[in-house]
Amino acid sequence: MHNTLTRVQNVFGFFTSVAFAVAAAIAVSVVLSAQSPSASLELRNVQVVKGRPHYYSTKREEYAHVKFDLDADLSTLFNWNTKQIFAYITASYPSSDPSTIPPSEAIIWDAIIPANNALSHQNTYIHPYTKADTKTKPKKPTKKSKKDKTSKPYPAGTQPGILRLPNQKPKYQITDISSKIADRGNATLRLHWNVQPWVGALVWDNRKTVGRWQGLKGGETKFDFPALKGTEGIKKEDLKVETGGERNRGKPA
Amino acid sequence: MFGSLAALQPRQLAAQILNFALVLSTAFMLWKGLSVFTNSSSPIVVVLSGSMEPAFQRGDLLFLWNRGIETQVGEVVVYNVRGKDIPIVHRVIRRFGGGSAPLSLLTKGDNNAADDTELYAHDQSYLDRSKDVVGSVVGFVPFVGYVTILLSEYPWLKTAMLIFMAASVVLQRE
């Protein structure tokens, strides 16, 4: 039978098989791209104060505010199948019973770093200009260029995935499930990432070398949570958090 | 359509029906097999909202994995709120417990300004990994699931599709 319908069906069937094969090849081929990420992460300051989970709550909890210095080169994580990288820093600390319960962990800062060919979206991280950047690139981003749809969140000529953030504020103040976080020792600050592809598997950070993907060196630092401080002794600016580009106002699901 | 069905021999008609049943049961078995393999009640989900943009958009297809129950911070999980049957795809931002204790998780959409405490059931501040979470996202295919969103949002499309399928059956008889 060679009527129009069978022809259309054949063409559509062939198209889907080819699309599937190409997508599979792209998804699998990422293991061939070499990666050599590196990072240095240092604690700048950590403070623990009393606070409320939200404005109308009567619950009083202890919140830790962690400031840090990050110097990371994740540019090699961007290959032909990388849409974006979700970079995040976690604080982990021993649980109430370290022998049987793994450490507790919480994200203190995160950023969505888009690839150069990703569509522009308001919820991507715009790396701040540092003094060194403005010297080499005298053109500061004006308000107009920020609104420009084609503008990328990186200064021209630099690659995505290079993060230089001295004295960075956290995005989240963290607390424990028990609402107490002061005076906990042996905590670790750690850089992680999640590579999100155009198609295929999601990949998280690796500390060990796997094939052509080198493990992350550095990006980890030890610290202790200090004693609880009264809010009177601390300036409000010191407890400010970074605001992200999240703009979802629809159904939260 | 009924005219062409009546024109078929009884054997031919039976074979046609069996063939159709075979296609349906194969699809059902594949789905359930994948469910057993991934240990997840729904191993493939379609993204329904923009709360994880720009990573996941409406209509993207996600593949879930539910073996290895020790979910880590930074993983993207699909969970159902107690008492509601809407699967939600969000990222784990805090974890407490695990091992010998029950694992409690706090989630947040990458594109939501606040965490999910408000979304959870009234007396709930954390998700219970073993009860609430359907699986962890491991794979991603863009856009393919959009047809299911179209079908649920525009019911006339369902009718149109049924008519088209019926028509194609009749046409192929000739």
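The values are calculated or read from the model by the stated rules, or taken from the named source; none is laboratory data. It should be emphasised that the depicted structure is a prediction, and the values quoted were computed from it without experimental measurement. All Cβ positions, glycine included, derive from the backbone under ideal geometry; neighbour counts span all protein chains shown. Each accessible area value is taken on the protein alone, full model and side chains, heavy atoms only, with ligands, DNA and RNA left out. Shrake-Rupley method; radii C 1.70, N 1.55, O 1.52, S 1.80 Å.
Over the Cα atoms of region A:37-119, what radius of gyration and what Dmax do you get, in Å?
Values for region A:37-119 (Cα only, Rg and Dmax): 17.3, 50 Å.
So what is log10(I(q)/I(0)) for region A:1-88 at q = 0.14, 0.19 1/Å, when the Debye sum runs over its Cα atoms only?
For region A:1-88, the Cα-only Debye profile gives -0.79, -0.97.
Along the positive direction of the dipole of the protein assembly as shown (beta-carbon charges: Lys, Arg +1; Asp, Glu -1; about the Cα centre), which of B:Gly139, B:Leu105, A:His2 reaches farthest?
About the Cα centre, the residue reaching furthest to the positive side is A:His2.
How big is the gap, in Å, between the Cα center of region A:103-127 and the Cα center of region A:25-65?
Region A:103-127 and region A:25-65 have Cα centres spaced 11 Å from each other.
Once both labels are modelled 7 Å past Cα along the beta-carbon direction, what's the A:Asp183-B:Leu22 spacing in nm?
Once both label points are built, they end up 7.3 nm from each other.
Could you tell me the largest-minus-smallest coordinate of the C-alpha atoms of the protein assembly as shown on each of the three principal axes, in descending order and whole angstroms?
Answer, in whole Å and largest first: 90, 52, 43 Å.
I want to check the label-to-label distance for B:Glu153 and B:Asp123. Put each point 7 Å from Cα in the C-beta direction and report it in nm to one decimal.
Between B:Glu153 and B:Asp123, the simple spin-label model gives 3.8 nm.
Can you figure out the FRET efficiency of A:Ser99 with B:Gln72, using R₀ = 25 Å and their beta-carbon distance, to the nearest 0.05?
For A:Ser99 and B:Gln72, the calculated efficiency is 0.80.
Run the numbers on region A:36-58: which residues show a drop of 10 Å² or more in accessible area, chain on its own versus all protein chains together, using a 1.4 Å probe over heavy atoms?
Listed by number, the residues meeting the 10 Å² cut-off are A:His54.
Could you tell me the calculated FRET efficiency between A:Ser29 and A:Arg207, based on Cβ-Cβ distance and R0 = 41 angstrom, to the nearest 0.05?
Taking R0 as 41 Å, the efficiency between A:Ser29 and A:Arg207 is 0.95.
Rounded to the nearest whole Å², what accessible area per residue is found for region B:74-146 with the 1.4 Å probe?
38 Å²
Say we join alpha carbon atoms closer than 10 Å with springs in a Gaussian network model of chain A; which of A:Ile85, A:Ile113, A:Ile234 then has the biggest fluctuation?
Of the options given, A:Ile234 has the highest mean-square fluctuation.
Restricting to DSSP H runs of at least four residues, report the calculated mean residue ellipticity at 222 nm for chain B, -39500 (n - 2.57) per run over all residues, nearest 500 deg cm²/dmol.
For chain B, the value works out to -12000 deg cm²/dmol.
Between the chain alone and the structure with every protein chain in place, find the residues of region B:31-65 that drop at least 40 Å² of accessible area; heavy atoms, 1.4 Å probe.
For region B:31-65, once contacts with the other chains are taken into account, B:Ser49, B:Pro54, B:Ala55 lose 40 Å² or more.
Using a 1.4 angstrom probe on the protein heavy atoms only, could you order A:Val46, A:Val8 from most to least accessible area?
Of A:Val46, A:Val8, the descending order of accessible area is A:Val8, A:Val46.
Carbon and sulfur together cover what percent of the accessible area of region A:33-239 at a 1.4 Å probe radius?
54 percent
In cubic angstrom, how much convex hull volume per residue do the alpha carbon atoms of chain B span?
149 Å³
Please give the length that would be gained between A:Arg52 and A:Asp71 if that part of the chain were fully extended, namely 0.36 nm times their separation in residues minus their C-alpha to C-alpha distance (nm, one decimal).
3.6 nm
What part of the accessible area of region B:55-174, given as a whole %, is carbon or sulfur when the probe is 1.4 angstrom?
64 percent
Give the B-A buried accessible area in Å², both sides summed, 1.4 Å probe, nearest 100.
Using a 1.4 Å probe, the pair buries roughly 3600 Å².
Stick to the Cα atoms of region B:44-143, pair each with every other, and give me the Kirkwood hydrodynamic radius in Å at one decimal.
Hydrodynamic radius (Kirkwood, Cα only) of region B:44-143 equals 13.6 Å.
For an R0 of 56 angstrom, estimate the FRET efficiency from the Cβ-Cβ distance between A:Thr221 and B:Gln9 and round to the nearest 0.05.
0.10
Between helix B:155-173 and chain B, what is the angle of the helix's C-alpha long axis to the longest principal axis, kept within 0 to 90° and rounded to the nearest 10?
With both axes taken from Cα atoms, the answer is about 40 degrees.
What order do B:Asp116, B:Asp128, A:Asp183 take when sorted by accessible area (1.4 Å probe), most exposed first?
Accessible-area ranking of B:Asp116, B:Asp128, A:Asp183, largest first: A:Asp183, B:Asp128, B:Asp116.
Please give the helix A:4-29 orientation as an angle from the longest Cα principal axis of chain A, in degrees from 0 to 90, rounded to the nearest 10.
Value to nearest ten degrees: 40.
Is it possible to state the helix-based mean residue ellipticity at 222 nm for chain A, with each DSSP H run of 4+ residues giving -39500 (n - 2.57), the sum divided by total residues, to the nearest 500 deg cm²/dmol? What is it?
Result for chain A, helices only: -4500 deg cm²/dmol.
Which values of log₁₀ I(q)/I(0), to two decimal places, follow from the Debye formula for region A:33-239 at q = 0.12, 0.18 Å⁻¹ with a uniform point scatterer at every Cα?
-0.73, -1.29
Tell me, what is the per residue accessible area of chain A in Å², probe radius 1.4 Å?
Solvent-accessible surface per residue comes out at 57 Å².
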